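Notes to accompany the following structure.
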Amino acid sequence: MTDFPANRATKASNRADSVAARRLRALTGIDEELLDRVRYERSKYTALGGVVLGTSVIAGFSMWNFATEALGRVSVLALVPTLIWMLFVLNLDRWLVTPQPNARRRVGPLLTRLLIALMLGAVIAEPLVLRIFQTAIEEHVADERTDVIDQLRTDLVRCNPVPSMTQATTPEGCGRGYVLSFRATPGERVEEISALRADASALQTRVDRDTGVLEAIDTEVRDECRRLIRMAGTGLYQRTSECLRLRAKAQDYRTTHRTSENEKRLAGMHTRISKIEAELTSSRGAFLQARADGIERRLEEERDKQKEIGVLERILALDELASGNPVLFVGIWLVRLLFVFLDVLPVLVKYLAGETAYDRMLTGESNSAVKIHGEEVRLAERRAMADFEIAQDAIEQQVRRQRAESEAALREHTAAMNIRVRQAVNALEDDIRRSSTV
């Protein structure tokens, strides 16, 4: 068989075409046999396949970041959603850029594909943006968590003051999550020492008043008892009667007002107050230690909840950072738009490149295939109708044959019956004739 120059050029071009290039073009959904007719467009579809592959790799990296952030660590398990998402995006982009016959005539599918690409780009871009601003986000989250811990410690201290009475009231704004429980509180001893101090104060006032009165009487006794008078009968010196009266008055006041007992009772009260104060100091120290331990446990529980930074927390932190910094806000959105643009790039490259010769050939082959299929359907329909008509004619002929056979059998049966009747009549005539002869 003769090998024409055009065939030799085609074979040489096919040999020069690498397997990798064919696999890249396979990502665009083109037909290699049809593309061989316009082989000068191979590079265009090879580059488009590289764009589709690059978009899927970016999507896989985005899912890897999302999965590791959701798990809180780098794990082999993150490869499962990464590969699934990468293959999904690869096949979706392949569907989006696959050449369609008469595509320029349909605006609806084009807009639908662009909308799908935009939505997919927004989903892929967010984890990558979080990855780029990871340091700032983690610092912001760490500061917020520190503020939360500090505020929680302040609220716990405010909501759990040292009780000054047995029935302590809960401070305003303190819910169940801020009030700690304690086995014992110094409130009861505070009430006891308050009552004891009040009694001691009243008794001290009374003792001071009685002491003042006794000191005045004792002063009068000392002044009066310094004076001695000489008795006329004996010539001896002795106290005056006023001295004796004042002494009796002082003794009577002490007895009546029980000054010695009150002083002993007051001293006992002061001793008891000192003892209770020592116990109260010890109880207050134990309460403060128990409160410190309870607050620390509560803070540890809060820290346990804050071990890993979740994806939602990272998104909120990024929004908070952007809201307070216009420059950062613009930078974040520029990065987002960049990744969205990269994810939409396969569709843009496909539909902004214009209609290629391959597209026109595909449209022509598609329209031709539709026409051929229509003719094949009509031909099959005609064949089926012809088969139906032939089958119907065969059935009608069979019916006619069976009807004729039935009519012939009927006629044969009628003739046979007529013959039998004539034979019977003849036999009867013969019998009659014989009988008449006899």
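Quick note: the coordinates plus some simple rules give every number you see, no bench work behind them. Please read all numbers here as calculations on a predicted model, not as lab measurements. Cβ atoms come from the backbone with ideal geometry, glycine included; neighbour counts cover every protein chain shown.
Partners of Lys264 within straight-line reach, counting aspartates and glutamates whose Cα lies under 17 Å from its Cα and excluding those fewer than 8 residues away in the same chain: Asp199, Asp208, Asp210. Summary of the geometry: the range 115-148 and the range 262-326, compared by the centres of their Cα atoms, lie 35 Å apart.
Here Lys350 is the anchor, and the aspartates and glutamates within straight C-alpha reach of less than 14 Å, apart from those fewer than 8 places off in the same chain, are Glu41, Asp93, Asp359. The alpha carbon centroids of the range 345-407 and the range 25-92 are separated by 39 Å. Ordering His413, His270, His140 by the number of other Cβ atoms within 10 Å of each residue's own Cβ, fewest first, gives His413, His270, His140.
Dipole magnitude for the range 356-438: about 420 debye, using +1 per Lys or Arg Cβ and -1 per Asp or Glu Cβ, origin at the Cα centre.
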